[in-house]
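Colleague: Pasting a structure here, questions to come.
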Amino acid sequence: ALPWANPANLSEKEIEKLTVPDIENSYPMTEIIRQMDYLEEKYGRVTGNINTTGILNLALKIRGDQLYLDFYENPQLVHKLMKICLESIIRLATYVRKRTGTLASSVTPMAPPEMYVLPNCTVAQISNEAYERFVLPYEQRLAEAMRPFGIHHCGSVNNVVEGYSKIKNLEFLEVGPNSDLGRVRELMPDVYINARIDPVRLYKCTAEEIADDVRKIINTGGPLDKLSIDAVGVD
């Protein structure tokens, strides 16, 4: 499993003082760049396996679970933090792609490697209303800055599928098990979908049951030239 950062749980006053860092001259990026320089000199190239994390993911790592209370108690603080997270991610992703030419490989092998794929693991925890108010405006700006643009969504996408459909320039969407692919396709007819099968179910079910799962995905997620299927860890 990927490591999950302990949240910094910064106070309101600490967040008010936050600024967007100079990515190339801030630790630990300075150390990563030093390693990139070494690898590039030794092997001729480096690949872009730096997961830049999602905007909401990063905000939660900075503010902690209090961020969800801030949605109701201090929305102005939420917007300030989201702007800082957005600009920090753009700066990091821009540097990584400039050095390596790739971005998606740190998030999913199912998208073109040069695509920016936004990891949206924590968006599964909020409503579509909260998403459209506090997250969508910043993801739209990210989609404009980092093209081609895709999203990796952990778990069922049903809670925010309407919000995702409003993102202009969205070309790729990776969704977890139990997502309503028919609804996704109805709202996003031109987006490439990677549908994931539950790896626990894959382990426990019979071959016939998995074949039936695949048939359902094909029948609802098509057309086939805009659909792929995988399971976490069994890509």
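Colleague: Mind checking which residues of the range 108-137 are open to solvent by 10 Å² or more (accessible area, probe 1.4 Å) and part of a helix (DSSP H, G or I)?
Modeller: Hits for the range 108-137 are Ala124, Gln125, Asn128, Glu129, Ala130, Glu132, Arg133, Leu136, Pro137.
Colleague: Return the total of residues in the range 1-47 being open to solvent by 100 Å² or more (accessible area, probe 1.4 Å) and either of a type in the set (Phe, Trp, Tyr) or in contact with a Ser or Thr (Cβ under 8 Å, 6 or more places away or on another chain) (or both). Lay out the reasoning, then the answer.
Modeller: Quick first cut of the range 1-47, residues open to solvent by 100 Å² or more (accessible area, probe 1.4 Å) only: 1-4, 6, 13, 16-17, 19, 25, 27, 34, 38, 41-43, 45.
Retained after the next criterion (residues that are either of a type in the set (Phe, Trp, Tyr) or in contact with a Ser or Thr (Cβ under 8 Å, 6 or more places away or on another chain) (or both)): 4, 27, 38, 43, 45.
The total comes to 5.
Colleague: Let me ask something else about it. Which condition does Tyr72 not pass, out of (1) part of a loop (DSSP other than H, G, I, E, B); (2) open to solvent by 20 Å² or more (accessible area, probe 1.4 Å), if it passes all the others?
Modeller: In the conditions (1) part of a loop (DSSP other than H, G, I, E, B); (2) open to solvent by 20 Å² or more (accessible area, probe 1.4 Å), Tyr72 misses (1) alone.
Colleague: Still on this model: Would you pick out the residues in the range 157-206 that are of a type in the set (A, V, I, L, M), open to solvent by 50 Å² or more (accessible area, probe 1.4 Å) and at pLDDT 95 or above? Break it down into steps so the answer makes sense when it comes.
Modeller: As a first pass, look at the range 157-206 and keep what is of a type in the set (A, V, I, L, M): 157, 160-161, 167, 170, 173, 175, 181, 184, 187-188, 191, 193, 195, 197, 200, 202.
With open to solvent by 50 Å² or more (accessible area, probe 1.4 Å) added as a condition, the list becomes 187, 200, 202.
Passing the criteria: only Leu187.
Colleague: Sticking with this one: Report, ordered by the first and then the second residue, all pairs with beta carbons closer than 7 Å, sequence separation of six or more or different chains, a first member in the range 212-235 that is farther than 14 Å from Gly182 by Cβ and at pLDDT 95 or above, and a second member that is open to solvent by less than 70 Å² (accessible area, probe 1.4 Å) and part of a loop (DSSP other than H, G, I, E, B).
Modeller: If the second residue must be open to solvent by less than 70 Å² (accessible area, probe 1.4 Å) and part of a loop (DSSP other than H, G, I, E, B), the pairs left are Ser228/Met110.
For every residue, the table says whether it meets (1) hydroxyl-bearing (Ser, Thr, Tyr); (2) assigned to a helix (DSSP H, G or I).
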position: Leu10; (1), (2): no, no
position: Ile15; (1), (2): no, yes
position: Val20; (1), (2): no, no
position: Glu24; (1), (2): no, yes
position: Tyr27; (1), (2): yes, no
position: Ile32; (1), (2): no, yes
position: Glu40; (1), (2): no, yes
position: Arg45; (1), (2): no, no
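Colleague: Something else: Does Asp230 meet the test of being out of contact with any strand residue (DSSP E or B) (no Cβ under 8 Å at 6 or more places or on another chain) and charged (D, E, K, R)? Don't jump to the end; show me each part of the working.
Modeller: On the way: out of contact with any strand residue (DSSP E or B) (no Cβ under 8 Å at 6 or more places or on another chain): no; charged (D, E, K, R): yes.
No: the conditions fail for Asp230.
The values are calculated or read from the model by the stated rules, or taken from the named source; none is laboratory data. From a predicted model like this one, the values you see are computed outputs, not experimental measurements. Neighbour counts are summed over all protein chains in view; Cβ atoms, including those assigned to glycine, are modelled from backbone coordinates with ideal geometry. Only protein heavy atoms, including side chains, enter the accessible area calculation; ligands, DNA and RNA are left aside. Shrake-Rupley method; radii C 1.70, N 1.55, O 1.52, S 1.80 Å.
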